[in-house]
Amino acid sequence: MAIFGDLEHHTLTDLFKILQTRPGTLFFHQAYQGRTVEMVLEGGRLNALYIDGFPVPDAAQAQATVQHLHAQGRGAFEFQPLSQTPGAGARQGARLYALPLGSLLQDPLLQAVPADQLPHPETRFVAQPSGAEVPAVLASGWSVLAPHLRTGASAADLARQTGQPEAELLLTLHRLRAAGLIAPLRTVALSASAPAPTPGPSLVPSSADVAAPVAPAPLLRRLLGALRRLTGSGAA
């Protein structure tokens, strides 16, 4: 049977729990910036999402759309089971992704991060004067670490300064960086005492390196002519 309601009275979290085992299409009529959203659900997963009839092929954008509706907290919805959804067969076959409903509403900052994406324990980070808003999930950690990050600190430094486990600090630093609150500290200034580089050999020859052209010597020719006459080699 069809299900009707409004997000003002039923959150998406509760709605997804009800639809966990029900295949069909969930419609949000003019709820997303005045546009209609269709979510094709099957097996507790979001298989495809359409905005005003146009598919959203990118899974991250689809999740962002769902999270926008959830944060907005209002908008009329209608769920039509698969057997009652016009054209559902064609759309159900066009599976663009398979996103579990349970993870769609998770804050990306709280999701697990692979170990190879975490920073090195000795990488130093510094707070950024970007004015970025601190996400609520990071507020408590930021309040503790911000004073140390104003001048730069690594996870190893922060572990000694705050007593927190280094593994937790690596994850927090990763999330703070993703939120645009910190950036790696890189030394770009050259030491003033560093010797100036020795210039390489010039490709343009100097005047001292260029041999002066030898002009014909009239005096030499006259001396040679006189020598030939004396020896008789120049006689006819």
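The values are calculated or read from the model by the stated rules, or taken from the named source; none is laboratory data. Remember, it's a predicted structure, so these values are computed and weren't measured experimentally. Cβ placement follows ideal geometry from the backbone for every residue including glycine, while neighbour counts extend to all protein chains displayed. Keep in mind that these areas ignore ligands, DNA and RNA; they rest on the heavy atoms of the full protein, side chains included. Shrake-Rupley method; radii C 1.70, N 1.55, O 1.52, S 1.80 Å.
Table for the structure above
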{"read-out": "Apportionment of accessible area to carbon and sulfur, region 115-189, percent (1.4 Å)", "value": "52 percent"}
{"read-out": "Under Karplus coefficients 6.51, -1.76 and 1.60, residue-wise ³J(HN,Hα) of region 26-37 in Hz, glycine/proline x", "value": "9, 9, 10, 7, 6, 9, 10, 6, x, 10, 9, 10"}
{"read-out": "Ser140, Ser103, Ser154, reordered so the largest accessible area comes first (probe 1.4 Å)", "value": "Ser140, Ser103, Ser154"}
{"read-out": "Residue-normalised accessible area of region 3-106, given per residue in Å² at a 1.4 Å probe", "value": "50 Å²"}
{"read-out": "Distance in nm between pseudo-label sites at Tyr97 and Glu122 (7 Å out along the Cβ direction from Cα)", "value": "3.8 nm"}
{"read-out": "Long-range HN-HN contacts of Arg124 with modeled amide H, under 5 Å", "value": "Leu185"}
{"read-out": "Residue-by-residue Karplus 3J(HN,Hα) for region 153-161, coefficients 6.51, -1.76, 1.60, Hz, glycine and proline x", "value": "7, 9, 4, 5, 5, 5, 4, 6, 7"}
{"read-out": "Accessible carbon and sulfur surface of region 3-49 relative to its total accessible area, %, 1.4 Å", "value": "48 percent"}
{"read-out": "For Asp6, distant residues with modelled amide H under 5 Å away", "value": "Phe77"}
{"read-out": "Linear extension gain, Ser140 paired with Asp14, 0.36 nm per residue minus alpha-carbon span", "value": "42.6 nm"}
{"read-out": "Spin-label model distance (nm) - Gln164 vs Phe4, 7 Å beyond Cα toward Cβ", "value": "4.9 nm"}
